[in-house]
Structure formats: structure tokens, C-alpha cells
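Data block below; observations after.
The values are calculated or read from the model by the stated rules, or taken from the named source; none is laboratory data. A quick note: this is a predicted structure, and the numbers were derived from the prediction, not measured. Methodologically, a virtual Cβ is constructed for each residue, glycine included, from the backbone with ideal geometry; neighbour enumeration extends over all protein chains shown.
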Amino acid sequence: MKSSSSYLRVSSKSLFFNILEVVNSQLLSKFFKNYSPLLLILCGYSVFAMSRFSLGMILVDLQSILGINSFEAGILFSSTSASMAFTVIFAGKLNDKFGTYRMYLAGIVIFSLGHLLTYFTNDYFLLIFYLLLVGAGSGIISSCTYLELGRYPSSRASMLGVSNLVYSIGGFFGSWFTGIMMSTYNWQLALSSFSVFSAISGLLYYFSNPSSNSNISSNYIDESSDSPHYFSKFNVVLLYTTMFFSNFAFFVLLAWVPTLLVSYKGLDLYTAGFIFSFFSLAGGIFSIPFGYLSDKLKNRTIVASFTAFISAILGYFFLSITGIYESIILLSLLGVFFYPYWNLQLAMGQESVSPKKIGMITGLLQNSAYLSGIAGPLITGYFIKNLGIITSLNLGVITPLVLYGFLILFWKAPKRILR
């Protein structure tokens with residue numbers, strides 16, 4: 001009897017684990033079926049982030065290698081933003097027509113080609129052209145990412161915060177990786193390496209064979225969102241303006257902080273890349289909690305304004321000190337409060353229009369951001385020549401952050417009814 005009962009216990013235990021294994025495999029299968037395309041798109045998005053953060057690092061060397069001044073270096077950095085600003089205008093409509101699958105792969109091909117070609121040039125104007133290709137591919141990749149994440153309306157700011165987290169992880173490794181590659185090899189190999197990373201992510205996405213775009217769903221509809229002239233709405237015009245100011249400050253930091261760390265604070269490239277990576281990592285980690293907080297509070301304006309003013313204060317202190325450890329702490333805190341500007345404003349924009357126009361508003365706000373990405377490094381580079389790097393960065397970072405923090409308070413949450 002004992003052996004029989006023990007046999008039954010063993011059999012029932014084996015049966016339990018077999019059932020558990022089947023359930024887990026079904027859950028995993030369902031998870032990867034639903035989310036693997038999004039996860040693979042986020043992989044490509046992280047490579048895009050690595051590339052963005054690498055550009056500020058290579059400017060440190062390019063000014064001496066190519067014999068260019070800070071204004072011309074600013075043009076180099078802004079070239080990717082210029083083509084991104086142009087691309088995102090059409091990316092939303094093209095995505096609706098051809099689907100995320102085709103558009104994302106097209107973006108990966110253009111992005112990889114641009115990076116690969118940088119390996120074969122030391123010419124300033126050819127480098128600008130190749131970076132324009134990189135920017136065009138980047139615009140498509142980022143548009144596909146935000147459209148996919150915008151399909152989760154009940155937690156929109158939290159989901160868009162995921163893109164910030166992925167962007168920050170890419171930025172963390174991008175700064176660090178570029179610093180190592182430039183210290184060991186050269187800037188061409190550092191930049192062209194991203195063509196390999198993006199090609200791998202594109203191949204994985206291609207063989208995953210995801211289904212074509214599903215319709216963007218929403219639990220709410222906007223009572224006043226049926227007008228096709230959505231740009232005339234106060235909310236959208238306001239967000240277009242605030243996105244310009246906030247991203248202006250972000251791109252100034254992205255372009256010129258590595259130069260500040262090397263030329264003004266006396267660090268080597270490896271250490272500068274390591275320190276700058278903490279700005280990205282800390283920012284991405286806290287983007288999701290701030291997005292979640294704004295989802296729960298139902299008041300995104302307070303969260304956005306608070307983080308903007310705190311960022312301005314932290315930015316001022318960071319630019320005022322010279323110590324390495326203080327720089328790490330202040331840059332990390334600056335990332336924590338600064339990074340959420342992106343997912344908060346995209347969420348506010350997507351809530352200001354009907355579900356059918358989410359692609360258009362996302363592209364419009366990206367256009368504003370990338371226009372500021374052209375202006376920020378360029379204008380600041382010009383001022384650095386005349387006013388010095390500290391004064392110029394204070395003007396380029398603190399002023400637009402204060403304007404963003406004040407103006408965002410005027411955003412009004414649209415009236416919504418349950419569908």
C-alpha cells in the first residue's frame with residue numbers, strides 16, 4: 001500500500017509538472033506571438049540610440065582630425081536631425097499604407113548603409129551626406145517604434161516610457177562603446193560598427209515574419225477629435241512648441257557634454273563616455289515610473305512641469321562644478337528628471353487627437369523635436385566660439401527647459417467618453 005501511495009504521489013507530481021510545463025509553453029508562445037515583433041523593433045531602436053549618443057563622442061576627435069570649428073561640428077551633429085525631421089513627416093502615412101513590417105525593414109537598410117559608408121571617408125561633406133542617410137533611416141525606425149507603443153492607450157505614458165528605457169540602455173552602451181572604440185581604434189570603426197548591429201536586428205525581425213499592422217485600439221474617443229484640421233487645436237500647437245524647447249535642451253546636452261567633459265573637465269575619452277552613459281541609463285530607468293505616475297494621477301502637466309524645473313536646476317549645478325564624482329551624481333539625477341519629457345509629451349499628443357490620427361500627431365511632434373535637434377547643436381556651437389562652452393551650455397539647456405516647464409502647464413486634457 002505504501003509503495004502504491006508513493007507511486008501515486010510521484011505520478012501526480014509528474015503530472016502536475018507536465019501540466020505546468022504545457023501551460024508555461026503556451027503562455028510563452030502567446031507572449032512571443034503577441035510581443036516578439038515589438039521586442040525586435042525595440043532592439044533596432046536601441047541600436048539607433050547607441051548611434052545618437054556616439055555622435056557627441058566623435059565630435060571630440062573630429063574637430064581636430066578634420067580641422068573644423070565648433071560651429072561646423074554642430075552642423076555635422078545636426079545633419080542626422082535634419083533628415084529625421086523630413087522623414088517623420090511622411091513616416092506616419094507611409095506606415096499606414098505599407099505597414100510597420102516593410103517600413104521598419106526599409107529604415108534598417110538605410111540606417112545600416114549610412115553607417116557602413118562612414119568607414120570609407122575622411123571628407124567633411126561626404127560625412128554629412130552619409131549622416132543624412134543615417135538620419136533618414138533613424139526617422140523611420142523611431143516612427144515605427146512610437147506607433148507600435150501607442151497601441152496601448154490605457155497605459156500610454158508608461159508604454160512610451162519603455163521606449164525611453166530602451167533608448168537609455170542604447171545610449172548607455174553607445175557612449176561607453178564609442179569611447180572604447182575611439183581609444184583603441186578610430187572614429188570610423190566606431191561609427192560603422194552600428195551597421196552590423198542594426199543589420200542583425202533587421203534580420204531577426206525579417207525572419208520573425210510578424211503580421212502586418214493591426215488597427216490602433218483605444219478605450220476612449222475624443223468628443224472633439226473628428227475635425228481633420230487637428231493642427232489648429234490649441235493642445236497640438238502648444239505641444240509642438242514645448243517639444244521644440246525640451247528637445248532643444250536635450251540635443252545640446254547630447255552634442256556638447258562629451259566635449260565639455262574632455263576639454264573643460266580634463267577627462268579622457270573613455271572616462272567621458274563612461275560618465276555620460278549614466279545620464280542615459282538613469283533617465284531611462286525612471287521614465288517608466290514617471291509615466292506610470294502621470295497615468296495614475298491623470299494630470300500629466302504637473303509631472304511634466306515639475307521634472308522640467310528640477311532638470312533646469314540640476315543642469316545649472318552640473319555645469320558649475322568640475323569634480324568627477326559630483327559630475328556622475330548630477331548627470332544621473334539630471335537624466336532621472338529630464339528623460340520623461342519625451343514619453344509624457346508624446347502621450348499628451350496622442351491623447352489630443354482621435355485614434356486614427358495618432359500616427360500623424362506622433363510624426364508631427366517628432367518633426368518638432370528633430371527641428372530643434374538641428375537648431376540646438378548648431379546655435380550652441382556658434383555661441384561656444386564667442387562666449388565659451390559653460391555660458392553657451394547654460395543658455396542652450398537652462399533657458400529652453402524653463403520655457404518648457406512653464407508652457408506645458410497650459411495643456412488641457414481633452415474630454416473623453418468611454419467607447
| request: Could you list, in sequence order, all residues of segment 99-145 that are of a type in the set (Ser, Thr, Tyr) and either under 19 Å from Ser78 (Cα atoms) or touching a Gly at 6+ places or on another chain (Cβ under 9 Å) (or both)? | output: Tyr104, Ser112, Thr118, Thr121, Tyr124, Tyr130, Ser138, Ser142, Ser143, Thr145
| Which ones in segment 87-131 are at pLDDT below 85, out of contact with any Asp or Glu (no Cβ under 7 Å at 6 or more places or on another chain) and assigned to a helix (DSSP H, G or I)? | Val88, Ile89, Phe90, Ala91, Gly92, Lys93, Leu94, Asn95, Asp96, Lys97, Phe98, Tyr101
| request: Confirm whether Ser143 is under 19 Å from Leu371 (Cβ atoms), in contact with a Pro (Cβ under 8 Å, 6 or more places away or on another chain) and part of a helix (DSSP H, G or I). | output: no
| query | Hey, any hits in segment 337-346 for a residue that's within 25 Å of Ala73 (Cα to Cα) and in contact (Cβ under 8 Å) with a residue 40 or more places away in the chain? | reply | yes
| task | Report yes if Ser138 is touching a Lys or Arg at 6+ places or on another chain (Cβ under 9 Å), touching a residue at least 24 places away in the same chain (Cβ under 8 Å), surrounded by 22 or more Cβ atoms within 10 Å (Cβ to Cβ) and within 22 Å of Ser46 (Cβ to Cβ), otherwise no. | result | yes
| said: Of the residues Ile358, Ile288, only one is crowded, with 23+ Cβ neighbours inside 10 Å and either under 26 Å from Gly139 (Cα atoms) or of a type in the set (Ser, Thr, Tyr) (or both); which? | reply: Ile358
| field | Matching entry among Ile313, Ile288, Ile302 (being assigned to a helix (DSSP H, G or I) and within 24 Å of Asn394 (Cβ to Cβ)) | value | Ile313
| remark: Conditions (1) assigned to a helix (DSSP H, G or I); (2) at pLDDT below 80 -> Phe278 fails only (2)
| query | If you check Asn164 against the conditions, is it at pLDDT below 90, surrounded by 21 or more Cβ atoms within 10 Å (Cβ to Cβ), more than 18 Å from the chain's Cα centre (by Cα) and closer than 30 Å to Met360 by Cα? | reply | no
| task | State whether one or more residues within segment 288-301 are at pLDDT 80 or above and of a type in the set (Val, Ile, Thr). | result | yes
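For (1) over 15 Å from Gly139 (Cα atoms); (2) surrounded by 24 or more Cβ atoms within 10 Å (Cβ to Cβ), each residue gets a yes or a no:
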| residue | (1), (2) |
| --- | --- |
| Ser81 | no, yes |
| Met84 | no, yes |
| Val88 | no, yes |
| Ala91 | no, yes |
| Gly99 | yes, no |
| Arg102 | no, no |
| Ser112 | no, yes |
| His115 | no, yes |
| Tyr119 | yes, no |
| Out of all the residues in segment 34-75, which are under 21 Å from Ser192 (Cβ atoms) and charged (D, E, K, R)? | Arg52, Asp61
| said: Please go through segment 35-76 and give me each residue that is more than 30 Å from Leu203 (Cα to Cα) and not small (Gly, Ala, Ser), ordered by number. | reply: Leu59, Val60, Asp61, Leu62, Gln63, Ile65, Leu66, Ile68, Asn69, Phe71, Glu72, Ile75
